[in-house]
Amino acid sequence: MTGPQLPLALRYPPDQRLDTFVGAPAGALAQLRALAAQPGGDWQYLSGPAGVGKTHLLLATCAATEAAGRRAAYLPLATAAGRLREALEALEGNDLLALDDLDAIAGHRDDEVALFDTHNRARAIGTTVMYAACDHPDRLALVLPDLRSRLAQCARLTLAPLDENGRREVLRQRAQRRGLVLEEAALDWLLRRVGRDLAGLTALLDQLDRASLAAQRRLTVPFLRKTLGV
């Protein structure tokens, strides 16, 4: 028996929605919205270095799929390495599968065979699949040529690191959604310390949100220095 469904915001963080993604390639968000809204869309293969938003787009497309009244499931393959067949079988029945960290099972033959079988079964029954990895299929250390061939048939979406303007917009948007007011000087200060990888940004802003609320203080540079101990 299936347990109660969690609210959408608990399964897929509000920060990670299609309309909150900054710096998507032209037409990419429209493709993913179409994929979420109806069956039969092009399967997507997302690639790019760590921290560029691959997971964001996978989770966002899952959220959009469920908002459209369809079922979706997200699986980071690194958590299921060595037992991937069992994990994938448990997800059967969803309209969309979002499979992250494909690099984690590359070179593990049993897991690759399990993924190959799931790929073929999903095609046969009309389930849509999205993949994400750091590199293109032909550059992954896969041992199963047939899997590489199947992955290469997916539509490709390549993501690149954000420039400073893009990172500034991400910071500003995420702060606004928390009701935080970031002065420009505070934005500059944070940008110099966040780096190009924004993976820890949500946790950092949550920390600042709690500290600001407790101290009843605006997010000024002196307050940031004190709170973060920098």
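What is the range 20-84 by shape, rounded, prolate or oblate, if you read a ≥ b ≥ c off the alpha carbon gyration tensor as root eigenvalues and call it rounded for a/c under 1.5, prolate for a/b larger than b/c, and oblate otherwise?
oblate
Could you let me know the centre-to-centre spacing of the range 122-174 and the range 67-98, using Cα atoms, in angstrom?
Their Cα centres are 16 Å away from one another.
From the residues I125, Y45, P14, which one has its Cα farthest along the dipole of the range 1-139 in the positive direction, the dipole being from +1 and -1 charges on Cβ of Lys/Arg and Asp/Glu about the Cα centre?
Of the options given, the answer is P14.
Which FRET efficiency, nearest 0.05, do T158 and D188 yield, Cβ-Cβ r, R0 25 Å?
With a Förster radius of 25 Å, E is 0.25.
Which of the three applies to the range 1-116, rounded, prolate or oblate, going by the alpha-carbon gyration tensor with a ≥ b ≥ c and a/c under 1.5 meaning rounded?
Judged from the Cα gyration tensor, the range 1-116 comes out oblate (a/c at least 1.5, b/c at or above a/b).
Just one of (1) 14.0; (2) 10.9; (3) 13.3 is mean projected area of the Cα convex hull in nm² calculated from these coordinates, so which is it?
Read-out taken from this structure: (1).
None of the figures in this text is laboratory data; all of them are computed from the coordinates on show. In this text the structure is predicted, and so the values were computed from the model without any measurement. Every residue, glycine among them, receives a Cβ derived from its backbone with ideal geometry; neighbour counts consider all protein chains shown.
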